Amino acid sequence: MTAENERSYHEGRGDVPPPPLDCPIHAEWSPLNTDYLAEPYEIAKALSEEHPVFYSEKLGYVVVTEMSEIERIFLDHETFASSNVQDPVYPLSKEAGSVLAASDFDPVAVMSNRPEPDHGRLRVFTRQGFSNRRIKTLEPYIRRRANELIDDMVAAGGPVEFVEAFGFPLPGETVFRFIGFPEADDEKLKHWCADRKGFSWGSPTPAQQRVIAEQMLAYWRYCRNFVAEKRDDRGDDLASELITAHEAHADQMTYREVESIIYGLSFAGHEAVTSLICNTLLCLLPRRDVWADICADASLIPNAIDEVLRFESSQISWRRVTTVDTRVGNVDVPAGTGIFLNFASANRDAKIWSDPDTFDIRRANANRHISFGKGVHHCLGAKFARYETALMVEVLAERLPSLSLVEDQHLDYFPNITFRGPTRLHVTW
């Protein structure tokens, strides 16, 4: 059992409060609907124009669609808590619950789902771990590994499936090096992390939930053993820094919190980046003049990535839960109500961006997007994700300037409410 102020990393969803009185109710829409998974932006725009705030009956959440209200909610972390962001959207099956009831499965909420003041206490140490120095130490590795994967692609000959060949392995391996995991463990680590988004943000079957739960348990046990071994074998990596910080400030960061940070970062640090690099190619490659500009001038890449994060984001929603009775838009919302923040509508808000449905790598305010959140819970790895993705695009542009998408391919998206990127992406050159 965890201490009272150490909430479990994942908690099952309790009773869903009824819809707030006088709140518009949408009986059919859900972010898990097939048409929304395939193409969310037009639907999100129509929903926002109909009701800026409404209740999704299928989801059991109040949905907020406008940027100004989403930003206000992010900045009011006392009224709108982050404690539900890693929890399953729907109740856990008995099969999954029995797996996670193991006596040694006890990660605690640490960053994205830990409320203040504990979140701020821990962020002091994790922010130090994400220093510019540490991020930049990974550049040689990212460049070398990107070139190795491209060599393999070229040797195999096009077309290739990009997610498997490049988009999934490189972000995963990069965050594993950042943490300090040994390269020999990469494949099993990627296997354990592969389906996590289905557990917290999807609607898996009971059988699927059990398999994912078993992977999570195995991965947690690995993280605990890894941190224990790191105590006696420090290196120039995040895990070593956190252990050293714990020993120097045991009253500010517990050993269990160190284990839990490692457990959480290894998934958060690569799943969204896989989607981001794939979405970047989806935006750039069909626009051949834009891709030619990128190949000719790498300085365009950072702003192009922010425009991808706005226009075709790898994260199209986030969640909060009300801690007190409050007001959202024009609706009175009771305490304990789940809030679904719809980035798909907010990131194309015409009040912020002119011609928001047009992709423009030179857009002056592209970085006004909300894809990394805002306020005290602004994504810790935002700088890391941008930097890593920019390096990947740069190497791809250098090595494969003729890179293009295979025509007439059908894109599938893993059914979940938050992370968006194609499960497969075929490219050639």
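Each reported figure results from applying straightforward, stated rules to the coordinates on display, with no laboratory input. No experiment lies behind these values; they were computed from the predicted model shown. Cβ coordinates were reconstructed from backbone atoms using ideal geometry, including for glycine residues, and neighbour counts include every protein chain displayed.
Please work out how much length the chain gains when fully extended from N303 to E116, using 0.36 nm per residue of separation minus the C-alpha to C-alpha distance, in nm with one decimal.
Net length gain for the segment: 64.1 nm.
What FRET efficiency do you get for R144 and R424 if R0 is 30 Å and r is their Cβ-Cβ distance, rounded to the nearest 0.05?
0.70
Enter the Cα centre distance for the pair segment 273-306 and segment 69-84, rounded to the nearest angstrom.
Segment 273-306 and segment 69-84 have Cα centres separated by 32 Å.
Nearest 500 deg cm²/dmol is fine: what mean residue ellipticity at 222 nm does the chain get from its DSSP H runs of n ≥ 4 alone, each adding -39,500 (n - 2.57), divided by its residue count?
-14000 deg cm²/dmol, from helical runs alone.
Contour minus end-to-end for D35 and D15, with contour as 0.36 nm per residue of separation and end-to-end as the Cα-Cα distance?
4.4 nm
Between H249 and K136, what length comes free when the chain is fully extended (0.36 nm per residue of separation minus the Cα-Cα distance, one decimal in nm)?
In short, 38.0 nm is gained.
Principal axis lengths of the chain from Cα atoms, whole Å, largest first?
58, 56, 39
For segment 183-229, place one equal point scatterer on every Cα, skip the solvent, and apply the Debye formula. What is log10 of I(q)/I(0) at q = 0.16, 0.25 Å⁻¹?
Log10 I(q)/I(0), no solvent term: -0.46, -0.90.
Can you give the net charge of the other residues whose Cβ lies under 10 Å from the Cβ of P206, counting K and R as +1 and D and E as -1? It would help to have the intermediate numbers written out before the result.
Numbers: positive: K94, R210; negative: E95.
After counting each charged neighbour, the total is +1.
Segment 345-429: percent of C-alpha pairs farther apart than 23 Å?
Pairs farther apart than 23 Å: 44 percent.
Reported to two decimal places, what Rg/Rh ratio describes segment 272-345 when computed on Cα atoms with Rh from the Kirkwood expression?
1.23
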